[in-house]
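Each remark here refers to the structure printed beneath this line.
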Amino acid sequence: MNEAQYDVIVVGGGPAGLAAALEAAKEGAGKVLILERNDELGGILNQCIHNGFGLHYFKEELTGPEYAARFIEKLADAGVEVLLGAMVLDISADKTVHAMSREKGYMLLRAKSIVLTMGCRERTRGAIAIPGDRPAGVFTAGAAQLYMNVEGYMVGKRVVILGSGDIGLIMARRMTLEGAKVLACVELMPYSNGLNRNIVQCLNDYDIPLYLSHTIVDIRGDKRVEQVVVAKVDEKRNPIPGTEITFDCDTVLLSVGLIPENELSRQAGVAIDRRTNGPIVYENMETSIPGVFASGNVVHVHDLVDFVTAESQRAGRAAARYARDGEPGGPCVLVENGNAVNYTVPQKIRTDNVDKLVEIFFRVNFVYTNMVIQISSGGEVLASFKRDHMAPGEMEKVAFPKALFPKIRDGKITVSVVKEEDAQ
Amino acid sequence: MTELICIVCPKGCHLRVDEENGFAVTGNGCPRGAAYGHKELTNPTRVLTSTVRVEGGTLRRASVKTNGELPKGRLFDAMRELDGVVLKAPVAIGDVVVENLLGLGVDLVATKNVPAR
């Protein structure tokens with residue numbers, strides 16, 4: 001049996017894991033290991049060949065593989081160890097990581113602290129229960145992206161896309177450029193969950209129609225998809241009879257949401273937030289288990305990799321500090337969701353562990369204009385932030401200054417979003 | 001007056017471009033938005049990203065991009081040009097794959113390191 005001791009073990013070598021490991025090493029952690037189940041580092045970035053990554057972090061526009069390479073290149077100098085083709089099976093309460101790889105066999109790896117960066121997975125046809133036949137030709141958008149961009153296979157010629165998440169939009173353009181006809185992008189909600197720029201440059205640029213408040217009500221086909229029936233939905237998202245449109249197509253791509261991949265976290269006993277499907281985290285991305293941290297899409301699904309990087313650097317820094325100094329103590333404030341707020345990250349703030357300010361990330365539950373974000377406590381508004389435009393597809397961020405912490409009552413703050421005219 | 005959504009960055013500002021006043025742009029959050037609004041109505045351009053075949057590498061495809069913008073109307077011509085391209089591993093990020101693509105003054109460059117097998 002292979003056994004080894006590390007300061008920090010990072011589970012997953014995508015953008016979150018890369019940033020966390022590098023930052024842990026920079027913060028002084030001597031032995032840092034990344035465990036990655038794929039044969040290369042970079043995670044989802046490897047198949048995201050489009051550009052637009054890194055505008056915040058590098059101040060330039062990079063493709064996914066280039067963004068990943070910027071971090072991968074630094075690992076050797078930073079002294080970060082990498083184990084590829086390594087599957088983590090279990091993480092026990094004493095922070096022993098059980099993993100195996102073809103090369104090393106079964107490993108027992110002990111860590112002073114652990115960062116969970118497993119990312120997320122796509123929701124599938126099963127998760128949304130689309131009626132109809134079960135022919136070949138129904139893919140999740142990300143799977144189709146992998147086949148096309150990494151393996152080099154064209155997945156279809158006439159395509160209907162369900163869901164208007166960013167991956168679906170990006171694939172609409174990608175398939176069109178490779179010669180497919182994308183007949184429609186169908187979205188259940190009355191608004192798109194993708195970034196505005198992607199609606200413009202992936203759909204509008206290629207005259208691909210976006211059907212809002214529509215869904216797929218039937219998939220027909222014997223061996224391969226032959227037809228898809230789309231119908232308009234009412235306010236309760238039920239299909240309206242008589243509004244059916246039939247598309248002759250051979251392929252359906254699903255871009256219907258992402259779910260943080262937390263099987264390992266749950267197994268380890270990490271407390272999970274039902275709203276994010278990710279670990280409940282403190283201000284430094286520490287989970288409910290002392291010394292176990294989490295960051296990136298495993299915590300909450302991000303729109304921009306730049307924010308994954310920033311969040312993961314926070315986790316990596318904290319993991320290195322924990323390995324050196326142990327647990328930060330002190331009083332803890334709960335962050336509660338107020339009006340129009342679907343979730344917040346972090347969910348808990350240890351006030352003594354905040355330097356100058358704490359950044360709170362959240363999503364709203366609908367599309368709004370001219371709103372004010374309020375952070376309140378004990379009935380008093382402590383901080384307000386104006387926003388012209390808010391949407392569920394755009395993660396929001398506010399910076400809550402430490403100078404206001406003395407005004408917090410009952411150990412709770414509430415983040416809410418109200419109309420400008422209703423703001424105090 | 002034309003309303004546009006800016007695609008320069010993920011923020012997606014709602015622009016208004018006044019064609020009758022020298023394509024003056026309002027609603028932009030930064031100078032790049034103003035430049036985009038003007039250009040989008042006069043000469044729209046896009047960066048093209050795709051993949052090309054690789055032989056003898058650890059991967060079958062290398063991702064590529066144009067190192068500048070192409071006229072929007074030439075994107076499909078550029079895609080056809082990429083069809084016949086086959087690279088030999090190793091490929092390094094920044095390697096020029098096609099020089100002066102379609103004579104448009106931009107190069108196609110690799111965006112992925114593909115080591116030799």
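Tabulated results
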item	result
Filtered residue count, the range A:115-137, keeping only those that are in contact (Cβ under 8 Å) with a residue 40 or more places away in the chain and assigned to a helix (DSSP H, G or I)	3
Members of the range A:26-46 that are surrounded by fewer than 21 Cβ atoms within 10 Å (Cβ to Cβ), within 14 Å of chain B (Cβ to nearest Cβ) and under 25 Å from A:Tyr106 (Cβ atoms)	A:Asn38, A:Asp39, A:Glu40
Count - residues of the range A:138-161 that are in contact (Cβ under 8 Å) with a residue 24 or more places away in the chain and either within 11 Å of A:Leu254 (Cβ to Cβ) or not in a helix (DSSP H, G or I) (or both)	14
Restricting the range A:338-366 to residues that are touching a helix residue (DSSP H, G or I) at 6+ places or on another chain (Cβ under 9 Å) and in a loop (DSSP other than H, G, I, E, B), the residue that is modelled with the lowest pLDDT	A:Asp355
Residue in the range A:198-213 that is modelled with pLDDT under 95 and under 30 Å from A:Gly338 (Cβ atoms) present	yes
Criterion (among the small types (Gly, Ala, Ser), within 27 Å of A:Ala294 (Cα to Cα) and at pLDDT 95 or above) met by exactly one of A:Gly393, A:Gly411	A:Gly411
Count of residues meeting criterion [assigned to a loop (DSSP other than H, G, I, E, B), touching a helix residue (DSSP H, G or I) at 6+ places or on another chain (Cβ under 9 Å) and crowded, with 20+ Cβ neighbours inside 10 Å] in the range A:193-241	4
Filter pass, A:Ala271 being more than 20 Å from A:Val354 (Cβ to Cβ) and either away from every other protein chain (no Cβ under 14 Å) or modelled with pLDDT of 95 or more (or both)	yes
Of residues in the range A:371-424 being acidic (Asp, Glu) and part of a strand (DSSP E or B), the one nearest to the chain's Cα centre (by Cα)	A:Glu396
Restricting the range B:38-62 to residues that are of a type in the set (D, E, K, R) and at the interface with another protein chain (Cβ under 8 Å from one of its Cβ atoms), the residue that is farthest from B:Lys88 (Cα to Cα)	B:Arg46
Residue match in the range A:283-298 (condition: more than 14 Å from chain B (Cβ to nearest Cβ) and aromatic (Phe, Trp, Tyr))	yes
Filtered residues of the range A:209-228 (kept if over 25 Å from A:Asn198 (Cα atoms) and of a type in the set (A, V, I, L, M))	A:Val217, A:Ile219, A:Val225
Every residue from the range A:96-114 that is under 30 Å from B:Ala62 (Cα atoms) and in contact (Cβ under 8 Å) with a residue 40 or more places away in the chain	A:Lys104
Among residues of the range A:55-69, those that are under 21 Å from A:Leu146 (Cα atoms) and either more than 8 Å from chain B (Cβ to nearest Cβ) or in contact with a strand residue (DSSP E or B) (Cβ under 8 Å, 6 or more places away or on another chain) (or both), counted	7
Long-range neighbours under 9 Å by Cβ, at least six apart or interchain, first residue of a type in the set (D, E, K, R) within the range A:253-271, second part of a loop (DSSP other than H, G, I, E, B)	A:Glu261/A:Gly12; A:Glu261/A:Met118; A:Glu261/A:Gly119; A:Glu263/A:Met118
Hey, B:Ala78 within 13 Å of the chain's Cα centre (by Cα) and within 11 Å of chain A (Cβ to nearest Cβ) or not	yes
Any hit, the range A:304-313, residues being crowded, with 20+ Cβ neighbours inside 10 Å, in contact with a strand residue (DSSP E or B) (Cβ under 9 Å, 6 or more places away or on another chain) and assigned to a loop (DSSP other than H, G, I, E, B)	yes
Which listed residue, of A:Ala19, A:Ala68, is buried (at least 24 other Cβ atoms within 10 Å of the Cβ), within 23 Å of A:Met285 (Cβ to Cβ), out of contact with any Ser or Thr (no Cβ under 9 Å at 6 or more places or on another chain) and not basic (Lys, Arg)	A:Ala68
Residue in the range B:84-96 that is in contact (Cβ under 8 Å) with a residue 40 or more places away in the chain, in contact with a strand residue (DSSP E or B) (Cβ under 9 Å, 6 or more places away or on another chain), within 22 Å of A:Glu66 (Cβ to Cβ) and not assigned by TED's automatic domain parsing to the domain that holds B:Pro10 present	no
Hits in the range A:47-65 - residues which are crowded, with 24+ Cβ neighbours inside 10 Å and at positive phi	A:Gly52
Neighbours by Cβ (under 8 Å, 6+ apart or cross-chain): first from the range A:162-184, surrounded by 24 or more Cβ atoms within 10 Å (Cβ to Cβ); second part of a strand (DSSP E or B) and hydroxyl-bearing (Ser, Thr, Tyr)	A:Leu162/A:Thr215
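Results for (1) within 14 Å of chain B (Cβ to nearest Cβ); (2) among the basic types (Lys, Arg); (3) out of contact with any His (no Cβ under 8 Å at 6 or more places or on another chain), shown as yes or no for each residue.
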{"residue": "A:Val160", "(1), (2), (3)": "no, no, yes"}
{"residue": "A:Lys181", "(1), (2), (3)": "yes, yes, yes"}
{"residue": "A:Ala184", "(1), (2), (3)": "no, no, yes"}
{"residue": "A:Leu188", "(1), (2), (3)": "no, no, no"}
{"residue": "A:Gly194", "(1), (2), (3)": "yes, no, yes"}
{"residue": "A:Asn198", "(1), (2), (3)": "yes, no, yes"}
{"residue": "A:Asn204", "(1), (2), (3)": "yes, no, yes"}
{"residue": "A:Pro209", "(1), (2), (3)": "no, no, yes"}
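Conditions tested, residue by residue: (1) under 25 Å from A:Glu23 (Cβ atoms); (2) more than 14 Å from chain B (Cβ to nearest Cβ); (3) not aliphatic (A, V, I, L, M).
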| residue | (1), (2), (3) |
| --- | --- |
| A:His302 | yes, no, yes |
| A:Phe307 | yes, no, yes |
| A:Ala310 | yes, yes, no |
| A:Asn339 | no, yes, yes |
| A:Arg350 | yes, yes, yes |
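The values are calculated or read from the model by the stated rules, or taken from the named source; none is laboratory data. What you see is a predicted model; the values in this text were computed from it and never measured. Because the Cβ atoms are built from the backbone with ideal geometry, glycine has one as well, and the counts that use them run over all protein chains shown.
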